[in-house]
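Trainee: Sharing a structure below in C-alpha cells format, with a few things to ask.
Nothing in this text is a laboratory measurement; each read-out follows from the coordinates by a stated rule. If you're wondering where the values come from, they're calculated on a predicted model, not measured in any experiment. Methodologically, a virtual Cβ is constructed for each residue, glycine included, from the backbone with ideal geometry; neighbour enumeration extends over all protein chains shown.
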Amino acid sequence: MIYALISHICYFTFNMGIILRTSELKKYYLVFVREKANAGNLTNFEVFDFLRSRGATSDPMGCIGSVSPSECKVFGYLSGSPAYMQTRESVNEFLRKADNFKFITSFEKLNIVNSTPTVMPALYATIKDCDKRIAKEEEQIAKENQLEEDQLQELLELVKEIFPQPAEEQEELSQ
Amino acid sequence: MFYLSQVEQNLKMPPHLLKPSLLDGELEKGIRGELEKRFLDKVITNLGLCISVYDIQSFEGGFIFPGDDGCATYKVRCRLVMFQPFVGEVIVGKIESCDEFGLQVSLGFFSDIRIPERFMVQPCHRGEDGIWVWQFKVDNEEFQYSLDIDEEIRFRVASVKYPPTPVEQSENSEPFSPMEITGYINGDGLGLVSWW
C-alpha cells in the first residue's frame, strides 16, 4: 500500500514538474529513522550499572525474567572486567582529575577508565602513539599536546589511587 | 565499547500484546518488549550490535490503520545501547581458537574478533600443536611465550567491518558474521595479560 502511495506521488509530482528530493523518497524505504547515531559514549561501568539496575546477576539462572540471556552474557563479561569494582564517584573523580593532563584525549580517558592500567606498558597501550608524543629533549618545539614521561607516571599513580586492585590479587602478585 | 544511539521507530503493536498492557496501564512495558524483540541481539550496519534498550523517551500515536490486522502503530523514540568499539580501543578478551591465519578472540557475548598473523607480536610462529608462540629475544637469551587457548589477551581494535549479507551461501562455508572486528597485539602492553 505504501509502495502504491509512493508511485502515486511520483506520478503526480512528475506531472506538476516538481522533482522530489531523494532524501524524502528514502524516508519511506527506511525501516526506521536514525535521529542521532551517537547520542553519547558509555563507559563499561555505566553499562554494568544499568544492567545491574535492570536485575542482571552473575548467575545465569537468576537472570531469567528480568533480563534477556544476551544481556546476561554482557553482564557476565563486565563482571570480570575492572568495571566490577568501580563506582560512579570514582569514575567522576578520575575524569575530573584527568582534566589536568592536557595531553590525553577523551577517547584515551575512556580507554583508561575501561581498562585501568596498573603498569606503565599497559598505560602505553591505551594512549595512541605514546612513544612518538613523548617530548624529546633535542627538539625544543613547544607543542600544546606534548607529554612528558613524569606526567605519564603521575597519570599511572592517579589510576592506581582511584581504582585500587582487590586485595586478593595483590597478594597473589606478591607471592 | 558501548554508546547510546537514538532512534525513532514506527512500531506495530499486535493486539494480543496490547490488551494486557493497556489494562494494567503498562503500555510502556509492552512497547519495550516489542522493541527488544526487534532490536536486541541484532547487528545494525555501521551502528553496531544492539545490547539493550536504554530507555523510551516518548511514544505517540496508537492509530489503527486499515488492513493492518488490528495492530496499533506507535511512533516510538528510544535510545539503544550499542556495542561498537572505536578504532584504537584496548579490550581484554579470551582466546577461543587459533588457526593458520591467526587467533580468534571472544568476549563472551561477541566472538567474531580476529587477530591475523601480520598483526601479532613479531616474531612468532605456529607450533606443532597449532598454538602460536612468541619468540622473545633479549640479550642473547630467547624466551618462548605461547598464546594458549582460554588465556586472557589484551588487544587494540584495528578495524570494525560490516560485510554485506551474502545472497547465496554454499553448505560447507562458515556461518556469516555481520560484524567483524580485527585487532592487533604488536605493541607495548598488548598481548596476554599475564605477560605484563
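Trainee: Kindly express, to the nearest 10 degrees and within the range 0 to 90, the angle between helix B:27-39's C-alpha long axis and the longest C-alpha principal axis of chain B.
Mentor: For helix B:27-39, the angle is close to 40 degrees.
Trainee: Anyone know which of B:Pro116, B:Pro175, B:Pro163 comes out most mobile in the 10 Å Cα GNM of chain B?
Mentor: So, out of B:Pro116, B:Pro175, B:Pro163, the one fluctuating most is B:Pro175.
Trainee: Between the helical axis of B:15-24 and the dominant principal axis of chain B, each derived from Cα atoms, what acute angle in degrees is found, rounded to the nearest 10?
Mentor: 80 degrees
Trainee: Take peptide B:1-13, look around each residue's Cβ out to 10 angstrom, count Cβ atoms belonging to other protein chains, and average those counts. Intermediate results must be reported in sequence, preceding the final value.
Mentor: Details: counts 12, 11, 8, 9, 7, 8, 8, 5, 4, 3, 1, 0, 0.
That average works out to 6.
Trainee: Among B:126-134, A:48-56, what's the highest-first ranking by average C-beta atoms within 10 angstrom per residue?
Mentor: A:48-56, B:126-134
Trainee: Would you mind ranking B:Tyr3, B:Tyr162 so that the residue whose beta carbon has the fewest other beta carbons within 10 Å leads the list?
Mentor: Details: B:Tyr3 21, B:Tyr162 16.
Ranked by crowding around the Cβ, least crowded first: B:Tyr162, B:Tyr3.
Trainee: Moving on. How many Cβ atoms of partner chains, on average, are near each residue of A:79-90 if near means within 10 Å of its Cβ?
Mentor: 1
Trainee: Hey, what number do you get for chain B at 222 nm if only DSSP H runs of n ≥ 4 count, each worth -39500 (n - 2.57), divided across all residues, to the nearest 500?
Mentor: Helix-only estimate at 222 nm: -3500 deg cm²/dmol.
Trainee: Residues of A:111-121, mean number of Cβ from any other protein chain within 10 Å of their own Cβ, rounded to a whole number? Walk me through the numbers before you get to the answer.
Mentor: Values: counts 7, 1, 0, 7, 7, 0, 4, 1, 2, 3, 8.
So the per-residue partner count for this stretch is 4.
Trainee: If packing is taken as the average number of other Cβ atoms within 10 Å across a peptide's residues, how do A:111-121, B:136-146, B:184-194 rank, most packed first?
Mentor: On the way: A:111-121: 20.6, B:136-146: 9.5, B:184-194: 18.4.
Descending packing order for the listed peptides: A:111-121, B:184-194, B:136-146.
Trainee: Roughly how compact is chain B, stated as its Cα Rg over 2.2 N^0.38 Å to two decimals?
Mentor: On the way: Rg = 22.9 Å, N = 196, 2.2 N^0.38 = 16.3 Å.
Output field value: 1.40.
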